[in-house]
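I have placed the structure first, in the form of structure tokens, so that the comments after it can refer back to it.
The values are calculated or read from the model by the stated rules, or taken from the named source; none is laboratory data. Bear in mind that the values here come from a model prediction, so they are computed numbers and not experimental data. Note that each Cβ is placed from the backbone with ideal geometry, even for glycine, and that neighbours are counted across all protein chains shown. Note: areas computed on protein heavy atoms with side chains; ligands, DNA, RNA excluded. Shrake-Rupley method; radii C 1.70, N 1.55, O 1.52, S 1.80 Å.
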Amino acid sequence: MKAENEQALHFTKPQSQTPQSSFAKITRRELLKRSAAIGGSLIVGSGFIAGSTASWALEVKSLSPDTMATLVQMARDIYPHDSMGDEIYAAAVKAHDDKAAEDSEYKTMLETGVDSLNAAAKQMGHASYLATGWEAERTELLKSIESDGFFQTIRGGLVVGLYNQKAVWDALGYEGSSYEKGGYLNRGFDDIKWL
Amino acid sequence: MTAPFDVNDNSVVVIIGTGAGGGTLAHELALKGIDVVALEAGGRHLPQDYINDEWPSFSQLALTDMRTTSGSWRVAKDFANLPAWIVKAVGGSTVHWAGASLRLQDHEFRALSTYGELEGANLLDWPVTLAELEPYYDKAEKKMGVTRTNGIPGLPGNNNFKVMKAGADKLGYKDCHTGRMAINSEPRDDRASCQQLGFCFQGCKMGAKWSTAYSEIPRGEATGHLEVREHSLVLKIEHDADGKIDGVVYQDKDGNQVKQMARAVCVAGNSIESPRMLLNSASSMFPDGLANSSGQVGKNYMRHMTGSVYAAFEQPVRMYRGTTMAGIITDEARHDPSRGFVGGYEMETLSIGIPFMAAFLNPGAWGREFASAMDNYENMAGMWLVGEDMPQESNAITLSEEKDQSGMPVANVHFDDHPNDVAMRDHAYQQGMALYDSVGATQTYPTPPYPSTHNLGTLRMSEKPGDGVVNGFGQSHDISNLFVSDGSQFTTGGAENPTLTIVTLAIRQADYIAQQMSEKSI
Ligand SMILES: Cc1cc2nc3c(=O)[nH]c(=O)nc-3n(C[C@H](O)[C@H](O)[C@H](O)COP(=O)(O)OP(=O)(O)OC[C@H]3O[C@@H](n4cnc5c(N)ncnc54)[C@H](O)[C@@H]3O)c2cc1C
Ligand code: SF4
């Protein structure tokens, strides 16, 4: 019930995503000095997570970098788009860190959720969720917590948090607003050729 | 006296809501010189303010006030507090609507006679016939500038339409075209022509699409006989000692409760809020709510049988370019019980952007199958399936335990599909998928109903007072100066999108109210 309400909330109060602002500029050397790879393609350091190529890094305010990295991997496993980089998924879950900074109960809910996911991974013989190699196995782990409020909060948040990003529209071939360009009337509204 | 009017002026007609029904009625009465106060819960947004971005537009325009749901319909699970997609603004849902403007068919006004008794269905014939409405349909089509009527050319077909048309030809459908749309295919009536922006659901920034927000309302105001009060949420309709309506209590923009006196009141808040207002207006004289001697207030809630089919192809379609509802197939709208159900359905192209697709394609779904469908977005075509659903007494708007800020109980919307609805949806999915398969779809996605856009029937018309709430003119059987002026009046739903009929009924009701006033019957 709770989870459904959460979702309805995301429906009526979509958060606008301005994630880029919180992406810190960081050099690769600095990054490697301050960090450790933890499985997956993510690097965590104190107070930040980053892509393994150091093309982006995200400061984490309230959650531990490990927790944040787990949320990023969860986001990818929930809606796996192989053509999209981790920074898009990081931007999609960033709001949870912001909310956790203001709401300690929320923070605990996220941390407990990640703990239970890692516990399930250990039972399966893996060091952690992030260290679980195949998507199919991680999906199995997610399935085991699917009805929990934690999972539904993350998934529900992604519907808007992920798919309302301009970068995602570009990747999926959606051009959006056309009014400023005079509409699609002279820009291909009827240009289909293959039929 | 000219607008604005005094709250104690009991000569005015008060209209609640300014959408398809209320906005049209307000304009028509004002043109006749009748003084009208229209109370609208939302604010005023005009084409320059509309946002061509799905979520921000939704936040700007949609009614997101608290509601609860129950029943076995999937919307109750996925969108528990958003049973319907309705606009709260001057112009009502005509700001969001796609513009499809179809007449109901003759036999649909005689549903009980045509379909016969159906177990679980509360079928009834309308107290009006198509023949009686035809002259008013003519007026409505002219007013709204419906394409393919009055010599107005059809809109050009976009990519999404072309895929539909190719499939329709393959399946042997005969009646497929770019629709009868209240969208200008050429400049008309001081409004521009469609530039194929692709955001009809977000408010037409060109003003090419008819909407009471910028068509009827400003024209009514220009007569000096119409005052529209924005941010005015009606809480209660009140009556005098004789049981005649004497005014309505509303919460004004500053949060104060105000009573506007009235000679007559017309309710047009759409089919969830309208019955809620009547139920919330219960008094010692009318303990079950106003106009409810039949017990039918809030009952027989219909939302049309709906569903969508999206399909992915090997190459791009880019369905989002151009009009949202760009074409229609009407072949399945006939009544033909050999298909396993009564009534019929329309197939209409539909496109939604990535943000809404993520929310609506398969609510709650996740994983690679869902993501792969989203990956196909650029190569997708889509259609909406909309048909007649069965009125059922148990599908109802009732007062919930929950209250809104002003302390009034919110509406609970209960809905279960009738077996006829299910059979029709299955048939429609099969036909939609077959259509796309016939032109080379690599995947098809039968998509569940969205929150209801067509809300109907909760204050229905009936010949006999015991069967419904209002007569054939939308006048309450119980209280002569209380009218219903929106889609709640529908006795049955028909297969067609309802707005043209709502507008038609409002034009006809305006004549009737004017006549009753001049005869001093109200
Ligand atoms: C996305 C979308 C697409 C659609 N496409 C089509 C289409 O192509 N063709 C078609 O025929 N129909 C379409 N519709 C449906 C169409 O918009 C509605 O059928 C029509 O607008 C209903 O008219 P109405 O007068 O009953 O209510 P509305 O137009 O919804 O107006 C009701 C008004 O009442 C106000 N109100 C409610 N309660 C109160 C209160 N207590 N006090 C004061 N004001 C109140 C609301 O704010 C609102 O402005 C679509 C709807 C949507 C949402
Ligand atoms: S496609 Fe046409 S009708 Fe729709 S919003 Fe654009 S201009 Fe308006």
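In the protein assembly as shown, the calculated helix contribution to ellipticity at 222 nm averages -10000 deg cm²/dmol per residue, counting -39,500 (n - 2.57) for every DSSP H run with n ≥ 4. When the accessible areas of A alone and B alone are added and the area of the pair subtracted, with a 1.4 Å probe, the result is around 4300 Å², both sides summed. For the range A:43-177, the fraction of C-alpha pairs more than 18 angstrom apart is 54%. Expressed to the nearest 5 percent, the antiparallel share of DSSP beta bridges inside the protein assembly as shown is 75 percent.
By the rule of a C-alpha distance below 17 Å, with chain neighbours fewer than 8 residues away ignored, the lysines paired with B:Lys403 are B:Lys236.
Extent along the principal axes, Cα only, for the range B:275-386: 65, 36, 28 Å, with the longest axis given first. Per residue, the range A:85-195 exposes 44 Å² of accessible surface when a 1.4 Å probe is rolled over the protein heavy atoms with every protein chain present.
Measuring nothing but alpha carbons in chain B and taking Rh as the Kirkwood radius, the Rg to Rh ratio lands at 0.95.
Against chain B, whose longest principal axis is taken from its Cα atoms, helix B:270-280 shows a tilt of about 30°. When the Cα atoms of the range B:352-408 are aligned to their principal axes, the ranges along those axes come out at 46, 32, 19 Å in descending order. The spacing between the range B:281-335 and the range B:17-42, judged by their C-alpha centroids, is 23 Å. Computed over protein heavy atoms with a 1.4 Å probe, the carbon and sulfur contribution to the accessible area of the protein assembly as shown reaches 49%. Against the empirical 2.2 N^0.38 Å (N residues), the protein assembly as shown has a Cα radius of gyration ratio of 1.00.
Between B:Asp416 and B:Lys142, the contour length at 0.36 nm per residue exceeds the Cα-Cα span by 94.9 nm. Mind checking the angle between helix B:499-518 and chain B's longest principal axis? C-alpha axes, 0 to 90 degrees, to the nearest 10. Tilt relative to chain B: about 20 degrees.
Rolling a 1.4 Å probe over the protein heavy atoms leaves B:Ile34 with an accessible area of roughly 20 Å².
For the residues B:Glu401, B:Glu132, B:Glu388, a 1.4 Å probe over the protein chains yields an accessible-area ranking, largest first, of B:Glu401, B:Glu132, B:Glu388. A loss of 40 Å² or more of accessible area (1.4 Å probe, protein heavy atoms, ligands and nucleic acids excluded) relative to the isolated chain is seen in these residues of the range B:316-353: B:Tyr320, B:Arg321. What lysines does B:Lys142 reach when the alpha-carbon gap must be under 20 Å and sequence neighbours fewer than 8 apart in one chain are set aside? Qualifying lysines at Cα under 20 Å: B:Lys32, B:Lys209. In the context of the full set of protein chains, residues of chain B present 31 Å² of accessible surface per residue (probe radius 1.4 Å, heavy atoms only).
Only protein heavy atoms count here; on that basis, with a 1.4 Å probe, B:Tyr214 has an accessible area of about 40 Å².
Ranking of A:Glu140, B:Glu346 by solvent-accessible surface, largest first: A:Glu140, B:Glu346 (1.4 Å probe, protein heavy atoms only, all chains present). Legend: residue pairs A:Lys193/B:Lys162; A:Lys166/B:Lys88; B:Lys143/B:Lys205, Cα-Cα distance threshold 18 Å; pairs beyond threshold, A:Lys166/B:Lys88; B:Lys143/B:Lys205.
Per-residue shielding of A:152-159, expressed as the average number of other chain Cβ atoms within 10 Å of the residue Cβ, stands at 2.
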